[in-house]
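The values are calculated or read from the model by the stated rules, or taken from the named source; none is laboratory data. None of these values were measured; they are calculated from a predicted model. Neighbour counts run over all protein chains shown; Cβ positions are idealised from the backbone, glycine included. Quick note on the areas: whole protein, heavy atoms, side chains included, nothing else; ligands and nucleic acids left out. Shrake-Rupley method; radii C 1.70, N 1.55, O 1.52, S 1.80 Å.
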Amino acid sequence: MRSKADHTAAIQTHRRAAVVVNTRSRRGRRHYPDVLRLLRAGRFDLVGVHQVTDPARLRDTIERALDATPDLLVVGGGDGTLSSSIKHIAHRDVALGVLPLGTTNNFARSLGLPLDLARAVRVFTDGKVADIDLGVCGDRPFANLASFGVSVEVAGTVRPWLKRVLGRAAYPLTAIRLLPRHQPFRAYITVDGRRHEVLTHQLNIANGRFHGGWQIARDISIDNRTLVAYQLGSGKRLRLLAETLVRATTGRWQSLAGGPFVSGAEMLLETDPPMAADIDGEVRLRTPLVLKTIPNGVRVMVPRDFTDT
């Protein structure tokens with residue numbers, strides 16, 4: 001693989017890019033023409049342009065886009081789309097260019113990317129190539145978050161029209177509706193030989209810095225070779241609701257050093273009862289699961305001031 005500096009120079013000089021836009025995402029259909037206009041205005045050589053209308057075809061579409069051997073794979077969509085894209089470019093000599101066209105855009109926020117489309121495209125010409133950590137849950141790579149509990153029900157229940165109208169507020173509102181009948185569970189997290197036990201309605205294990213569009217902790221990073229596990233609330237529904245609303249409305253997140261966090265490069269998660277996992281929006285696996293990070297597993301375009309370790 002090229003050095004990151006050489007890769008950055010190739011993108012900014014030759015501007016060979018393939019484009020994949022999920023037009024089923026919250027803003028994908030509306031902004032698809034704008035994406036092409038902005039890239040062409042930036043003098044990119046578009047070696048492939050792909051519009052995804054059926055999410056089931058996303059994998060084949062990305063592989064077809066990569067067949068053109070672009071220096072930059074531009075992907076527009078939400079966190080699920082971007083997480084699906086990452087697994088195809090891991091450890092490959094291609095950088096991911098992120099266009100935040102989803103509801104919460106957690107992955108884009110973790111990279112410090114602007115959420116405005118025109119400014120996000122400018123990162124491809126003014127930014128740099130960085131390599132960030134890749135999370136793995138079981139056998140499934142993920143970009144941002146694996147979650148367990150009420151959020152799994154929310155992911156399968158939240159209405160698409162509600163996301164379009166309310167944006168990220170659609171998730172806590174759906175959770176409020178589901179919470180009265182949700183049962184708490186016990187989670188056991190083993191890191192470096194130490195076993196931690198929590199009783200909760202919601203457990204998250206993060207690779208990125210954001211969840212639900214809000215920062216998890218002030219000093220968390222997507223590029224520090226560390227996963228962070230944390231519960232929201234406890235086994236009491238009202239505490240979960242109160243804590244979620246406070247954090248969502250005030251953005252008051254604690255430091256990893258002072259907050260209720262468990263961190264490590266690899267974790268064994270067991271739950272009682274066994275729980276389904278929501279992995280960046282896809283509900284596929286069940287506990288027990290091993291989660292870990294792969295350092296510097298994916299190349300992405302980021303702003304110049306992004307701290308690349």
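Filter the range 196-223 down to the residues that are of a type in the set (A, V, I, L, M, F, W, C) and in a strand (DSSP E or B), then identify the one that is most open to solvent (accessible area, probe 1.4 Å).
To start, the set of residues in the range 196-223 that are of a type in the set (A, V, I, L, M, F, W, C) comprises 198-199, 203, 205-206, 210, 214, 216-217, 220, 222.
Filter again for in a strand (DSSP E or B), leaving 198-199, 203, 205-206, 210, 214.
Numbers: Val198: 29, Leu199: 71, Leu203: 2, Ile205: 0, Ala206: 1, Phe210: 28, Trp214: 52 Å².
This residue is Leu199.
Please give the number of the condition Gly97 fails out of (1) surrounded by fewer than 24 Cβ atoms within 10 Å (Cβ to Cβ); (2) of a type outside the set (Val, Ile, Thr); (3) closer than 18 Å to Leu72 by Cα.
(1)
Okay, residues lined up against (1) out of contact with any Pro (no Cβ under 7 Å at 6 or more places or on another chain); (2) closer than 26 Å to Ile205 by Cβ; (3) buried (at least 18 other Cβ atoms within 10 Å of the Cβ):
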residue: Ser25; (1), (2), (3): yes, yes, yes
residue: Ala41; (1), (2), (3): yes, no, no
residue: Phe44; (1), (2), (3): yes, no, yes
residue: Ala68; (1), (2), (3): yes, no, no
residue: Ser83; (1), (2), (3): yes, yes, yes
residue: Ala90; (1), (2), (3): no, yes, no
residue: Leu113; (1), (2), (3): no, yes, yes
residue: Phe124; (1), (2), (3): yes, no, yes
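Being open to solvent by 10 Å² or more (accessible area, probe 1.4 Å) and touching a residue at least 60 places away in the same chain (Cβ under 8 Å) is the requirement here; does Gln51 meet it?
No: the conditions fail for Gln51.
Okay, residues lined up against (1) under 12 Å from the mean Cα position of the chain (by Cα); (2) among the hydrophobic types (A, V, I, L, M, F, W, C); (3) within 23 Å of Ala56 (Cβ to Cβ):
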residue	(1), (2), (3)
Leu82	yes, yes, yes
Ser85	yes, no, yes
Leu99	no, yes, yes
Thr104	yes, no, yes
Arg109	yes, no, no
Gly112	no, no, no
Lys128	no, no, no
Asn144	yes, no, yes
Phe148	no, yes, no
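Hey, which of the strands (runs of 3 or more DSSP E) in the range 1-82, taking only ones fully inside, have at least 1 residues that are of a type in the set (D, E, K, R)?
16-22, 45-52
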